Amino acid sequence: MKAFVGVFALALGTVSSVFGVIVLGLGLKKRDERMLELGRRFVFGVLAAAVLAFLAMEWALLSHDFSLEYVYENNARATPLLYTIAGLWANLEGSIILWALVLAGYLAFAARRFRDRSTDPLVAWATLVGLAVALFFFALMLGPANPFKTLSPTPSDGLGPNPLLQNHPLMAIHPPMLYLGYVGFTLPFSFAIAALATGRFGEGWLADIRRATLIAWGFLTVGIILGGWWSYEVLGWGGYWAWDPVENASLLPWLTGTAFIHSVIVQERRGMLRVWNLSLVIATFSLTILGTFLTRSGVLDSVHSFTESPIGPWLLSFLAVVAAVGIGLIAWRGDRLRAPGRIDSPVSRESAFLGNNLIFAALAFVVLLGTVYPLLAEALQGRQLSVGEPYFNRMTTPLGLVLLFLMAVAPALPWRAASGEVLQRRLLVPAWIGGLTMVVALLLGTNGITDSVTFGLAAFALAGIARQMVVGARAQGRANGVAWPAATLRAIRSNPRLYGGLIVHTGIVLIAIALVASSSYSTRREVRLTRDNTVNVSGYSLTYLGSRITDTKQKVTVHARIRVERDGDALGVLTPAISSFPGRTSGIGTPAVKTGIVRDLYLTLVSSPTERERVTVGVQVNSMIVWLWIGGGVVALGTLVALMPSLRRRSQRDPLGADDAEPRVLEGASA
Amino acid sequence: MNRLAWAALALLVVVAVVVAATQAGDSSPRARANALAEEIQCPECDGVSVAQSLAPTSRAIVRDLRRRVAAGESDDDIRAAYVERYGESIRLNPEGDGLGLLVWGLPVTLVLAGAGALVFASRRWRREPLMHATGADEELVERARRDDA
Amino acid sequence: MKHPARWIALAVAVVALAFVAVLATQVSDDPQREDNESVLLNHPAPEFSVRTLDGTTITQADLAGKEVIVNFWNSWCIPCHEELPALKEFYDAHATDPDFVMLGIVRADSQDAIRAYVDAEGVDWVVAFDPGANATLGFATRGQPETFAINSDGTIVGFKAGPSSRNELETMLAAARVPS
């Protein structure tokens, strides 16, 4: 029954997307407005199909219907409710349902938003492209990755989800967030293709997808940070580039997407970078497909590569089609893409944006190359090798420092050309704060030059952001005669895009500080503890109080209870644990973390207690990790602010005035 | 006055960087062993260096690295010994020769080429007199406005 | 005038095509195929020194002229439990052969646990600890169980990662017996 509903939903989705593509295609060809209006409606058919497929699978999971192979493999009667629901994205086939649902949601959102322009060829083309992408994913589910495959006879109990995926509630949020980000880049892609197809690659399509791009970017950022958090709480701490190839794969579209968010402003403002922006959008979408291919087809080892799945060739072919269409269209339209703008001075906001784009493109290239290099080496020379943290650190650190510098300087630069006087007024004090911070960091004995330069640049950037916020709030306060909290809010409301951007930058700077601090000032030890004896490690006193075993049907867990003190203050009892799951060979450790503003104490159980009541415990002191998550929250907040409608409403007739990022009024008021 | 403030800041930063640079470069045996541990992969766990892993084998490898450094083996000898035993995949840092030239050199080349192109373009733009909008440009703007109307 | 975007697009297309082609060659690869590959195959066995349960030291020199099966294992590894019956059966079939040696080297485990395990399960072959981890590293083990076969010349002629079956053990021993 559920299988029938599910397969029916998949068929409905496929048919709806096929009809949508055909009707829209014919409508565009014949310039028939009624057909375009009709074609748009198929989006809602696709949405209904995706919702139905989603519900059918959740129904099957919640009712533990093991006649479905997917439910059998990813659920068991003992699986707790949360992980039963999350079981839908615990494995490949189910996660494609989620993908299709998110995609259909975005398409419906766009179809509704542009309902008054359904006969506009740009919107019709974009809808067509979106439906074609949806068609691919529905076909994938009807073909090689069918989540509604049945088993006969019906097993009495299921295997349960992968133990790693049923250990922490973040598992329920991280994948949907990531998908909302990943899939969200389909909309900008559809509009970019539409702009190329219709030849209307002015600034109109950019304004249309600005919001959708920001939303997708925000979700992707939060999804990546949550993934890191999950891995910190569940997997044990292995440094940044060791998380998983899939973390690199989700970083790739994030990097090009971030580049796009910046370069779009240049095009809106100066009409430049048309080809570049189209390329970035197409690249971002291609990289989401590439990332999915790399991690889901099993060509790279990954926590996320779910057994051997036959979808590799499908994803690869789709990637080839996407890239061919994108590159082909740009080549075809190349002669008409000449940008009218130019750069007047190397010291200007637009040059800073160009620098920013160069660095982000380089970062994306480094991450891509490092991720696929083992594949290249194996294919070309039959060599098996690895690329890891030392490579990524060495290649990305200089690029990251340049980005921090740009983040400190660029928001203060005016468009077109900067005068020395403006630079002095806006940058001198923040620059001194940065320089002094660097010297202080050196005097305090930071490890090496990179760390102190990072702290200096971070302080420079934060001081610049603070200055800009204060100046803006003061100007609003003076103009409206309100106190500073109201003035700050008013300033933000007057230009949400500017201040949202600054808040995002604050979050990124916090993350940069946390990255460096946690990499350089963390310690890692392993101690053997005997019952009721106290051992001093890295400034903490640890006392092993004994262990406890819990046995649920889902898992058997050994918890070691360890009392923690620091400088005579009791910090409570931490219980790192190891769980074993029925039918799985290796135990899964669950670290216990005492989170602090400055440092985390991170305990892992290395070996279970012996009969003589001895345990081996991994003791890590990780500096400033919590600021990674706080920074992520600040980025999310900034993205929300940037999405707020501006109080200073732009006139309907002037779409080119969409960007009012330049605080002309504010700076004037402060002068 | 302002120039002076900038110059003083520049001096401060340069001095700080130079001082930091001369202090850096710890070549004590322990530092060498730790640096090597950062680039040897934990054989039991994918993608994590032995320096960061608490797996028993990783701890043994770290001890072995210290022993080898103390015994006077050069960094290259130690790397070679590990590659010989475990294969190239034990190193997290790909070799910089042959195909490795690509993975190390290509990003650097592209960044330099990109920066060069930007500088070149900006020079050319500055040399050319300010362009006037052509008919095609105005048409584009007009169309963009219409797109959004 | 031709816009350079066309040429750049062409170049990008060529690179992208090559890239996709390379990826395509990797799709069909079986990720599990490394199970029976070791860099050390057909190389001389490494030098090592391990200590047996009763405290005697065994080095690779002591094994010269013998056909040796070296099995890395420990008490907490579940696949090691799985292969135990096969190991026992195999060992019992060859225990009387004077040139045959089977050596179980413990990988990362405590003495207590191993002694208890050996007593409980009735492990008859030589079990040795590897306190300096020189066998663990010398054989470049990546986990347990891992099994190596060494012929009388001291050359590694067989390797298996993961639990071995009786047949696999026999095949490895046969390889070690082939006169070189």
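The values are calculated or read from the model by the stated rules, or taken from the named source; none is laboratory data. From a predicted model like this one, the values you see are computed outputs, not experimental measurements. Don't worry about glycine lacking a Cβ; one is built from the backbone with ideal geometry, like all the others, and counts go over all protein chains shown.
Any residue in the range A:389-406 that is within 23 Å of A:Phe353 (Cβ to Cβ) sitting within a Cβ distance under 9 Å of a residue that is outside any helix (DSSP H, G or I)? List the pairs, counting only those 6 or more apart or interchain.
Partner pairs satisfying both residue conditions: A:Thr396/A:Trp241.
I'd like to verify a number: residues in the range B:101-124 that are small (Gly, Ala, Ser), more than 8 Å from chain A (Cβ to nearest Cβ) and over 13 Å from A:Tyr391 (Cβ atoms), how many?
The qualifying residues number 3.
Among (1) more than 28 Å from A:Asp208 (Cβ to Cβ); (2) modelled with pLDDT of 90 or more, which single condition is A:Glu73 missing?
All conditions are met except number (2).
Considering only residues that are surrounded by fewer than 21 Cβ atoms within 10 Å (Cβ to Cβ) and among the hydroxyl-bearing types (Ser, Thr, Tyr), which ones fall in the range A:430-465?
Of everything in the range A:430-465, those that are surrounded by fewer than 21 Cβ atoms within 10 Å (Cβ to Cβ) and among the hydroxyl-bearing types (Ser, Thr, Tyr) turn out to be A:Thr437, A:Thr450.
Tell me, which strands (runs of 3 or more DSSP E) wholly within the range A:586-671 include 3 or more residues that are of a type outside the set (S, T, N, Q) and at pLDDT 65 or above?
A:592-594, A:599-607, A:614-623
Does A:Ala126 satisfy the criteria of being at negative phi, surrounded by 20 or more Cβ atoms within 10 Å (Cβ to Cβ) and not in a loop (DSSP other than H, G, I, E, B)? Break it down into steps so the answer makes sense when it comes.
Working: at negative phi: yes; surrounded by 20 or more Cβ atoms within 10 Å (Cβ to Cβ): yes; not in a loop (DSSP other than H, G, I, E, B): yes.
Judged against the criteria, A:Ala126 is a match.
Rundown of residues vs (1) surrounded by fewer than 22 Cβ atoms within 10 Å (Cβ to Cβ); (2) within 21 Å of A:Ser518 (Cβ to Cβ); (3) modelled with pLDDT of 95 or more, yes/no style:
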residue	(1), (2), (3)
A:Gly223	no, yes, no
A:Leu226	yes, yes, no
A:Trp229	yes, yes, no
A:Glu233	yes, yes, no
A:Trp237	no, yes, no
A:Trp243	no, yes, no
A:Ala249	no, no, no
A:Leu252	no, no, no
A:His262	yes, no, no
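So for the range C:11-27 (the condition being modelled with pLDDT of 70 or more, farther than 19 Å from A:Val372 by Cα and in a helix (DSSP H, G or I)), does at least one residue qualify?
Looking for residues that are modelled with pLDDT of 70 or more, farther than 19 Å from A:Val372 by Cα and in a helix (DSSP H, G or I), one finds at least one in the range C:11-27, hence yes.
Condition test on A:Gly105, is it part of a helix (DSSP H, G or I) and among the small types (Gly, Ala, Ser)?
yes
Out of (1) modelled with pLDDT of 75 or more; (2) exposed (fewer than 14 other Cβ atoms within 10 Å of the Cβ); (3) within 14 Å of chain A (Cβ to nearest Cβ), the odd one out for C:Asp35 is which?
Among (1) modelled with pLDDT of 75 or more; (2) exposed (fewer than 14 other Cβ atoms within 10 Å of the Cβ); (3) within 14 Å of chain A (Cβ to nearest Cβ), the lone unmet condition for C:Asp35 is (1).
Do the conditions hold for A:Ala194, that is, is it within 14 Å of chain B (Cβ to nearest Cβ), under 24 Å from A:Ser286 (Cβ atoms) and part of a helix (DSSP H, G or I)?
yes
Exactly one of (1) within 30 Å of A:Leu515 (Cα to Cα); (2) assigned by TED's automatic domain parsing to the domain that holds A:Val51 is unmet by A:His174. Its number?
Single failed check for A:His174: (2).
Only residues that are over 21 Å from the mean Cα position of the chain (by Cα) and more than 8 Å from every other protein chain (Cβ to nearest Cβ): list them for the range A:346-367, please.
Correct list: A:Val347, A:Ser348, A:Arg349, A:Glu350, A:Ala352, A:Phe353.
Conditions first: (1) closer than 20 Å to A:Ala283 by Cβ; (2) surrounded by fewer than 20 Cβ atoms within 10 Å (Cβ to Cβ); (3) more than 28 Å from the chain's Cα centre (by Cα). A:Arg383 passes all but one, so which condition is the exception?
(1) is the only condition that A:Arg383 fails.
Name every residue in the range B:91-144 that is polar (S, T, N, Q) and either at pLDDT 85 or above or surrounded by 16 or more Cβ atoms within 10 Å (Cβ to Cβ) (or both), in order of residue number. Explain how you work it out, then say what you get.
First pass over the range B:91-144, keeping only residues polar (S, T, N, Q): B:93, B:109, B:122, B:134.
Scanning the range B:91-144 gives B:Asn93, B:Thr109, B:Ser122.
Filtering the range B:65-89 down to residues that are surrounded by 18 or more Cβ atoms within 10 Å (Cβ to Cβ) and over 21 Å from C:Ser38 (Cα atoms), which residue is farthest from the other protein chains (Cβ to nearest Cβ)?
Looking at residues that are surrounded by 18 or more Cβ atoms within 10 Å (Cβ to Cβ) and over 21 Å from C:Ser38 (Cα atoms), I get B:Val69.
Can you tell which of A:Pro411, A:Pro398 is more than 7 Å from every other protein chain (Cβ to nearest Cβ), touching a Gly at 6+ places or on another chain (Cβ under 7 Å) and not hydroxyl-bearing (Ser, Thr, Tyr)?
The unique qualifying residue is A:Pro411.
Yes or no: the range A:444-463 includes at least one residue that is under 30 Å from A:Pro374 (Cα atoms) and among the polar types (S, T, N, Q).
Scanning the range A:444-463, I find at least one residue that is under 30 Å from A:Pro374 (Cα atoms) and among the polar types (S, T, N, Q), so the answer is yes.
Give me the pairs, please: first residue somewhere in the range A:461-486 and free of Cβ contacts under 8 Å to residues at least 60 places away in the same chain and under 25 Å from A:Thr437 (Cα atoms), second residue anywhere and surrounded by 14 or more Cβ atoms within 10 Å (Cβ to Cβ) and among the basic types (Lys, Arg), beta-carbon distance under 8 Å, and either six or more positions apart or on two chains.
The qualifying pairs are A:Gly464/A:Arg426; A:Arg467/A:Arg426.
May I ask you to say which residue of A:Leu180, A:Leu164, A:Leu170 is surrounded by fewer than 23 Cβ atoms within 10 Å (Cβ to Cβ), part of a helix (DSSP H, G or I) and within 14 Å of chain B (Cβ to nearest Cβ)?
A:Leu164
Of all residues in the range C:96-137, count the ones that are under 17 Å from the mean Cα position of the chain (by Cα), surrounded by fewer than 20 Cβ atoms within 10 Å (Cβ to Cβ) and more than 14 Å from chain B (Cβ to nearest Cβ).
Looking only at that region, the number is 1.
When A:Pro496 is evaluated against the numbered criteria (1) in contact (Cβ under 8 Å) with a residue 60 or more places away in the chain; (2) closer than 23 Å to A:Gln620 by Cβ, which criterion, by number, is the only one it fails?
Here A:Pro496 clears every test but (2).
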